[in-house]
Amino acid sequence: MSGPARAVPRSILYTPALSLEQVVKAWSYDADLHVIDVEDSVPPQQKAAARAVCRAALEKAPEPANVAVRVNQLGTMEAVHDLLMLAECPVRPGFVVMTMVDSATEITVLRDTLASAGAHPQIYVTVETPRAVTAVDAMAEAADGLVLGSADLAATMGVEITWANMLPARQAMAMACARHGTACIDTANFRLGEPAALAEEIVRVHELGFQGKVTVHPSELDAINRALRPDPRELRRARRVTEAVRAADGGVALLDGNMVGPPFARMARTTVALGDAWAQRFGHRAHGAWSDEEEAAHDRP
């Protein structure tokens, strides 16, 4: 990993901009990133009203830097109105989520358009088309984060949303994001009545290298947070690996009966950097994220 680590949100809650009360209520849920959705979850005839709700919600947000707005597909008039709303709103979100993106050029266009209005949010891009999967490396380079959009991708492919069917897209995303230091976020779970399925999916995507997961229901946040937020025990272990390899002059060392060397130290440094970045941006509001002892370990060089 080159350069400073990005603070990657581990839990991302989508809330439709259908009522101001509903969006404001969402602020109380323990998600790292709150997404105000003016796209899929809003019927076409309610788009204008949703933008008004979105603007009002941004003005009430306790931490706008940790709020995102999911806009409509670039190239549509709805997207034009979305961008005008964001440009004119006195409170800017820290993130914008793009949909139905097929190329890195679209990401650059959106970033430049917002920058011309003085807005510089992180750009997260939903990977939900076959063309996006084939262009995923360039998109990971241009974006700040990639989010798997399994529903639209499966619909286009004409397949069910299963682990096997989505695995190639997940693997492509994980590799591209690792190459460019881009946040890698998994799709929402659509089987809300099957918590065991959610738990298994979280474990599997974490093993692939995904860092966060989307949800549309706050009841899933606890499981996502427990599994994907930085674990203080893991961070302490990573610091010990780094110190052991340093003490061995950058060579191979023995730690708790296991051999650790330069590749392990490199991974440990990445783990610590990502954990520290998360704690600095999101950890202060996470419910029970750090104990006093864990805070001390986090602050220790």
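The values are calculated or read from the model by the stated rules, or taken from the named source; none is laboratory data. If you're wondering where the values come from, they're calculated on a predicted model, not measured in any experiment. Every residue, glycine among them, receives a Cβ derived from its backbone with ideal geometry; neighbour counts consider all protein chains shown. For accessibility, only protein heavy atoms count, side chains too; no ligands or nucleic acids. Shrake-Rupley method; radii C 1.70, N 1.55, O 1.52, S 1.80 Å.
Protection proxy ranking for 147-153, 7-13, using the average of other Cβ atoms within 10 Å per residue and placing the highest first: 7-13, 147-153. Where does helix 104-116 land angle-wise versus the long Cα axis of the chain, in degrees 0 to 90, nearest 10? Roughly 70 degrees, rounded to the nearest 10. Leaving out ligands, DNA and RNA, and with a 1.4 Å probe, what % of the accessible surface on the stretch 159-240 is carbon or sulfur? The computed percentage sits at 55.
Among the protein heavy atoms, those of Glu160 account for about 130 Å² of accessible surface (1.4 Å probe, every chain in place).
Within the same chain, lysines fewer than 8 places from Lys25 are excluded, and of the rest, those with a Cα less than 16 Å from its Cα are Lys60. Basic side chains Lys and Arg get +1 at the Cβ, acidic Asp and Glu get -1 at the Cβ, and with that the dipole of the chain about its Cα centre reaches some 480 debye. Solvent-accessible surface of the stretch 119-223, taken per residue with a 1.4 Å probe and all protein chains present: 43 Å². Of all DSSP-defined beta bridges confined to the chain, some 10% are antiparallel rather than parallel. No disulfide-compatible partner, judged by a Cβ distance under 4.7 Å, exists for the following cysteines of the chain: Cys54, Cys89. Nearest 10 degrees, 0 to 90: what angle lies between the long axis of helix 47-60 and the longest principal axis of the chain (Cα atoms)? Tilt of helix 47-60: around 50 degrees. Heavy-atom surface analysis with a 1.4 Å probe gives the stretch 24-131 a carbon and sulfur content of 58 percent of its accessible area. Here the stretch 6-41 and the stretch 143-159 have alpha carbon centers that stand 19 Å from each other.
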